[in-house]
Amino acid sequence: AEELGRYFRNNMYPGEGTGLLRLHSTYRHDLKIYSSDEGRVQMSAAAFAKGLLDLEGQLTPILVSLVSKDSSMLDGLDNASTNMEEAKARLNELVTSRAKVVQANGSSKKPWMIDGAGIPPNASELLLKLVKLTKKVTEQVRLLAKDEDEKLTERTSYDVIPPYDQAKALGKTNIDVDRIAAGLPCGSEGFLLMYARWRKLERDLYNERKERYDITQIPDIYDSCKYDLLHNAHLKIEGLDELFKVAQLLADGVIPNEYGINPKQKLKIGSKIAHRLLGKLLIDLRNTREEAINVAELKSECMDLTSIAVDEGDTDCQQKNVIKNEESKRTSHTSEKSMDPEDDEDKEIKYRLDPKYANVRTPERHVRTRLYFTSESHIHSVMNVLRYCNLDGSLQGEASLFCDGALERLLKTKELDYMSHIVLRMFENVEVNLEDPKRYRIEMTFSRGADLSPLEDNNLEASSLHQEHTLPIMGPERLQEIGSYLTLEKMEKMMRPFAMPAEHFPPATIPQGFSGYFKSAGVLERLGDRKCSMVHATNHSFLSVTRDSYV
């Protein structure tokens, strides 16, 4: 996560990486970070912030000072539980009963429109193989645990095995080479806990008495395989690699379809899970546009008034009047906004560098960054809304926000692993009139995170995997055709039917007497001698996934 933060600093913002740090240190980088309530998600957010801002020290102070928790926006499934249960029931039927998938729109040229897309045609046979291989791996782990606790020699009932505590078992962050050299599991997990983990998966996957499968265990088995192949390869568990391949085939079909069997169902479930987050993203984009308009208008007024002053030959006096007029207009503008509380409900507190105190060449240069760290369910939901929003009845005839090539790649991208992310970047073309929709352009990219097989044969990747026990994060992929132009106006039109309305968000708390600018000349003058390169990107909405897995 920290390395990804550094990558963002150096690559996602136009210009050199140090330019962002100069903007940040001179109050020209408006940054807010939000996280769900889960501890590991919050720590990932703090680590990312550490890399992004080139910070030093432990993560806890960074977490406390920079990361805000928002469980209502980034946690839970809201009212989508019923729809998800319906999807899972249909999914169970497709996987276990050899039912054939059917096309939702009859177009073979668009395979992502098929019901149950991604489910392997021999899913029922793979499920039988999965049960058999899971038992084989569990038995081997039991034998490894026999020396650790002799009671397991004669008794194999799960009742005598201590409860599996994932936080305790996987709590270490550093590789213990001594444990690995001694033939013990990596981390804090002993053989007893490792056996408890596998035994639970074996029991939950298939109920022999009722002859019933629980396909919701497939992702957990896949995660457990991936974890052991990454961290416990030195134990040489026979059949683990084969189990991973079978589990991966099934997981690739099960996981995406848990959020809807077909595109319309995915759109419905996604809009229910992520409606608050989608609404916040629209607010971010709108606030950025309004702020850019205010800055452009203010700059234009300054240029006009300065020109008048030069023509009249009383430059010094008139420039003083310009500053006074700017302040009075700014104060009047703030007062007018605050008179209508409904207009301020979706506004955020903005700390901006006051140009008259700035000793920098371009005080108007400004970048806004909003980072959201959440769960896999929310990433799936946002992606499903963005790629299928044109299927809604109110948007008939509109093309998808994603190009066909991106839709096909996303169909093949089954797993959203750790640090998967979507990036929305808004660019402003200052050469276009303020009223022209083409002044603001949206660019979207996506990464599937640490989505690399632990069985990777590539020498370089395999070396990193086995020595450092890490998987690299995949680079970003474009979701639009090169040269295409997605305006902010169209983005808002396509997302609005599925997003929480701005008026439903609680109003921001504005400090008493705050005008939007810092007034302390002493502080800003000391920061004012820093230079920066031109930054055109005015908004980065980053969604990062921390998956419920062992990776």
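Points to keep in mind about this one:
- With a simple spin-label model that places each label point 7 Å from the Cα along the Cα-to-Cβ direction, the separation between E489 and K109 comes to 2.9 nm.
- Applying 1/(1 + (r/R0)^6) with r as the Cβ-Cβ distance of K136 and K264 and R0 = 45 angstrom yields a FRET efficiency of 0.65.
- The slack in the chain from E2 to N207, taken as 0.36 nm per residue of separation less the alpha-carbon distance, amounts to 69.6 nm.
- Here the extension length gained between E93 and L455 equals 127.2 nm, from 0.36 nm per residue of separation less the Cα-Cα distance.
- Of K109/K245; K272/K414; K109/K266; K88/K414; K88/K129; K110/K438, pairs whose Cα-Cα distance is over 26 Å: K109/K245; K110/K438
- Largest to smallest accessible area among H275, H469, H378 [probe 1.4 Å]: H275, H469, H378
- Note on E238 and S65: the extension gain reaches 57.6 nm, defined as 0.36 nm multiplied by sequence separation minus the Cα-Cα distance.
- Cα-projected label distance for N122 with S394, points at 7 Å along beta-carbon direction, nm: 4.7 nm
- Cβ-derived FRET efficiency at R0 60 Å, N359 paired with E86, nearest 0.05: 0.45
- Accessible surface, the stretch 168-285, averaged per residue in Å² (probe 1.4 Å): 38 Å²
The values are calculated or read from the model by the stated rules, or taken from the named source; none is laboratory data. Predicted model, so just to flag it, every value in this text is computed and none were measured. As a convention, Cβ positions derive from the backbone with ideal geometry for all residues, glycine included, and neighbour counts pool all protein chains shown. The area values use the complete protein model at the heavy-atom level, side chains included, leaving out ligands, DNA and RNA. Shrake-Rupley method; radii C 1.70, N 1.55, O 1.52, S 1.80 Å.
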